[in-house]
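The values are calculated or read from the model by the stated rules, or taken from the named source; none is laboratory data. Since we're looking at a predicted model, the values are computed, not measured. For the accessible areas, the whole protein counts, side chains as well, though only heavy atoms, and no ligand, DNA or RNA atoms are used. Shrake-Rupley method; radii C 1.70, N 1.55, O 1.52, S 1.80 Å.
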Amino acid sequence: MTFGFASSAATSINNAANAASRLARMLEPAEWAAAGIPLLRNPREVVSGLHSRHRPTPTTAVVAVLDPEERLAASASFARRSAPADGWEFRNALLAHLRRVIPHDLRRRTPVRTAVLLYCREGDERWTEEDGAWMWGLRDACTLHGLRCGAYITLTRGGWQVLGEGRGGRQPNLLSSPGDLAEATGGAEPLELRTASGAPEALRRTAAR
């Protein structure tokens, strides 16, 4: 009886500690807004371009790197694993895909390229703990790859929303068909897509130049 009780108590304490750790690895909207995240000049164009390139479905994350002129330098998409939202896990996934598609900028004194994250999910545009974990993960991954941390954007049935900025639109959304890539990029030549090694074609796509 004593061993059973002790084991149960230890499990409960361990679960509580894990939950507390996950909560520490997320950012509240106020923290995100105070972090000085650079504003996108044309968020609709960025969202439409990523939506056309990667055709995201629910639980798909699309991480993109923009050059100083806000042109797409590289991007990758992947499916979120079905596990509790944890900023540490999200950071590792984002960092792994960034390393596949673009060299780091750690030798620069000041980052010149910016990473943005588009996450496709169910629900409305309001902030969730899952969003907070993605924000924490994006910020940490950018630090470790020598990038500026850019916008975090959600794509839902109601449209897209740049969290922390109050900017958004109805198109594209979770249900809309991807638009023409040439139109989404303002007539620029589309980047050739390459599939990341070992990733499902429909869920993990990579674009780089």
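The table that follows gives values for the structure above.
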item: Rounded, prolate or oblate (a/c below 1.5 giving rounded, otherwise prolate when a/b exceeds b/c) for the stretch 28-79 by Cα gyration tensor; result: oblate
item: Whole-Hz couplings from phi, Karplus 6.51/-1.76/1.60, listed for the stretch 126-134; x for Gly and Pro; result: 5, 4, 10, 4, 4, 4, x, 5, 5
item: 3J(HN,Hα) from dihedral phi, the stretch 57-74, Karplus parametrisation 6.51/-1.76/1.60, rounded to Hz, x for glycine, proline; result: 10, x, 6, 9, 10, 10, 9, 10, 10, 10, 7, x, 8, 6, 8, 5, 9, 6
item: Gyration tensor verdict on the stretch 18-176 (Cα atoms; rounded if a/c is under 1.5, prolate if a/b is larger than b/c, oblate otherwise); result: rounded
item: Amide H partners (placed H, <5 Å) of ARG157, local residues excluded; result: GLY123, LEU174
item: Accessible area of TRP32 in the full protein assembly, 1.4 Å probe (Å², nearest 10); result: 10
item: Nearest-10 value in Å² for the accessible area of GLU89, using the 1.4 Å probe; result: 70
